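The values are calculated or read from the model by the stated rules, or taken from the named source; none is laboratory data. In this text the structure is predicted, and so the values were computed from the model without any measurement. So basically every Cβ, Gly included, is an ideal-geometry build from the backbone, and we count neighbours across all protein chains shown.
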Amino acid sequence: MGKARNRRRLPQQQPLQDIGQVDKEELCKEPLESVNKEAGESVCVDVASETALTAEGAVVLETVALKPPPSPSPPNEKEEALEQATKQPPKQPSPDLTSFTPAIANPVAAEPSNVLRPPKPTSHPPRLPTPRMTPTATPLPTAPRLECTVVPGRSVGPFILGAPIGEVVERLRGMEGVVPRVECKYGDLNPLDIDIVLNLPANGVCMRFDPKSQCLKSIELYDFSKLSLFYNGVEFNSYKVLPTFVHIYRLFGPIYPGEFCEEKKHYVLSYPGISFMFPIPDKYIPLQNITDLPLSFPDGTTPVLNRIYVYAGAEKWEDAVPPTLSQLEPITAELNHGIHIPQRDCTLKFGAPAQDVLDALGKPEKILEKGEDKMKIFGVDVAEECDGGGYFWNYFSLGIDILFSGTTHTITKFILHTNFLGCWEFGEYTKCRFQVVGFENGAVIGCDDLWNDVQSTLPTPSPRPVVFNRGNHHNPFGSTWFYGFDGVVFEVMKNGYLASVTLYA
């Protein structure tokens with residue numbers, strides 16, 4: 001595993017390098033390379049999936065290591081920011097020089113001692129030229145072949161379609177020895193219009209997540225020299241099995257003729273939930289017909305697999321949608337009352353005991369003590385809040401934190417997380433699909449609303465925000481702003497989207 005860089009972590013504690021805004025044209029020029037070592041050639045193909053990342057505002061993040069995160073609960077600094085809001089209305093190493101060893105001449109056979117020879121020169125041999133040091137790209141960390149069972153329309157190895165991005169990142173943390181590097185691409189200014197991408201360059205795997213639900217919708221396999229793949233217990237790609245068209249067709253069975261993409265010079269063979277792409281040499285493109293199966297070319301060769309897409313919900317991988325999983329539960333939050341979860345037919349109100357939460361949501365995924373901050377919080381008296389500090393129950397799969405009083409052990413606060421990439425807690429929570437209701441004018445605030453739209457619907461003018469900044473050393477995404485109203489606090493990111501919503505009584 002590479003050494004973690006001292007940057008922003010993904011999620012929340014992952015060391016990230018913010019590469020910055022990606023130019024639309026430059027992103028289109030960046031292909032992924034699929035190397036077929038067995039075929040003796042390197043095929044560089046424009047990735048069709050990259051076209052979804054060409055909108056303005058795309059940002060590329062890079063993480064070198066995924067390490068276990070520390071406590072996800074909001075630290076004392078964030079509590080202080082909430083309190084203030086509610087009171088208002090490495091250097092690059094030098095490359096090693098090549099070591100030059102002078103050639104040793106063949107030994108001369110022994111000669112009589114009376115044979116005279118001219119004296120040997122005493123000067124040193126000519127110095128060999130010093131090799132020039134040219135800057136090279138940082139090599140990808142090496143990793144063993146990733147063994148995966150491919151299930152069309154469902155999964156590739158441990159990665160299951162429909163899984164929330166936080167769950168996938170948590171799984172990647174446990175694969176430290178196999179997955180040494182993860183790259184993340186997302187839309188900064190327009191996060192709801194651009195897919196979230198997790199690329200594993202050392203393993204040849206690229207995963208796409210729906211930007212709104214943040215659930216896995218397609219899996220792309222693009223470097224078969226780094227993968228060992230199985231289908232129904234049969235190995236169809238490894239160091240000893242070449243994934244040719246003939247082999248794939250025999251293994252997966254007969255299917256309708258595929259499609260030939262003239263732009264990318266690929267033949268696409270599609271089965272339900274999976275598509276295979278085979279490059280066609282230029283000299284055989286005029287012979288290609290839509291009804292032809294390129295089992296072999298006139299010279300007796302057969303195409304070698306270049307790319308695989310596993311997806312669900314559509315006939316083509318470009319139109320894939322993530323399966324609907326039970327984790328994505330809509331939540332209605334009502335001011336000064338509590339939250340309601342329709343799928344569980346449960347309502348949790350302020351002042352409810354911890355036992356009610358256990359009955360409705362089950363055991364929390366984590367329990368964290370709140371910071372020992374004795375100052376008044378949420379605009380209540382100091383005497384009411386000096387109750388031992390309280391404690392959080394974290395329900396990451398719901399995107400919710402619940403704060404309990406340290407003395408009465410009843411609910412005092414709900415925190416609902418949007419989990420946008422750009423939040424400090426990104427990847428720690430599943431996105432909470434909430435709606436905030438209960439305003440005097442009947443306004444409804446959703447998890448995907450922009451702050452400008454929220455301000456225009458609220459019945460009271462927006463107060464002056466409290467700026468919360470962890471510092472670039474801890475959070476490269478920058479500051480967030482807290483806007484406090486009666487019973488609710490909105491945390492807003494720099495792109496105008498909500499990071500979290502806090503409800504208090």
Inset, instruction - Would you check if there is a residue in the stretch 322-333 being surrounded by fewer than 16 Cβ atoms within 10 Å (Cβ to Cβ), among the small types (G, A, S) and farther than 23 Å from D486 by Cα? - result: yes
Inset, instruction - State all residues of the stretch 384-434 that are over 27 Å from E170 (Cα atoms) and not hydroxyl-bearing (S, T, Y); if no residue qualifies, say none. - result: E384, E385, C386, D387, G388, G389, G390, G406, H409, I411
Legend entry - Neighbours by Cβ (under 6 Å, 6+ apart or cross-chain): first from the stretch 261-281, more than 12 Å from V310 (Cα to Cα); second at pLDDT below 90 and of a type in the set (A, V, I, L, M, F, W, C): K265/I280; Y267/F260; Y267/I280; P279/V43
Legend entry - Output for the stretch 483-501, where each listed residue is part of a strand (DSSP E or B) and under 26 Å from the mean Cα position of the chain (by Cα): F490, E491, V492, Y497, L498, A499, S500, V501
Legend entry - Search result, residues across the stretch 409-466 that are acidic (D, E) and either in contact with an Asp or Glu (Cβ under 8 Å, 6 or more places away or on another chain) or surrounded by fewer than 14 Cβ atoms within 10 Å (Cβ to Cβ) (or both): E440, D453
Legend entry - Hits in the stretch 302-313 - residues which are assigned to a loop (DSSP other than H, G, I, E, B) and modelled with pLDDT of 85 or more: T302, P303, L305, N306, A312
Inset, instruction - May I ask you to say which residue of C206, C215 is at pLDDT below 95 and closer than 17 Å to A163 by Cβ? - result: C215
Inset, instruction - Would you point out which residue out of P465, P476 is farther than 30 Å from V168 by Cα and either modelled with pLDDT under 95 or not assigned by TED's automatic domain parsing to the domain that holds P342 (or both)? - result: P465
Inset, instruction - Among the candidates F278, F230, F260, single out the residue that is in contact with a Leu (Cβ under 7 Å, 6 or more places away or on another chain) and either of a type in the set (F, W, Y) or modelled with pLDDT of 90 or more (or both). - result: F278
Inset, instruction - Check L368, L295 and return the single one that is closer than 24 Å to T430 by Cα, out of contact with any Leu (no Cβ under 8 Å at 6 or more places or on another chain) and either of a type in the set (A, V, I, L, M) or assigned to a helix (DSSP H, G or I) (or both). - result: L368
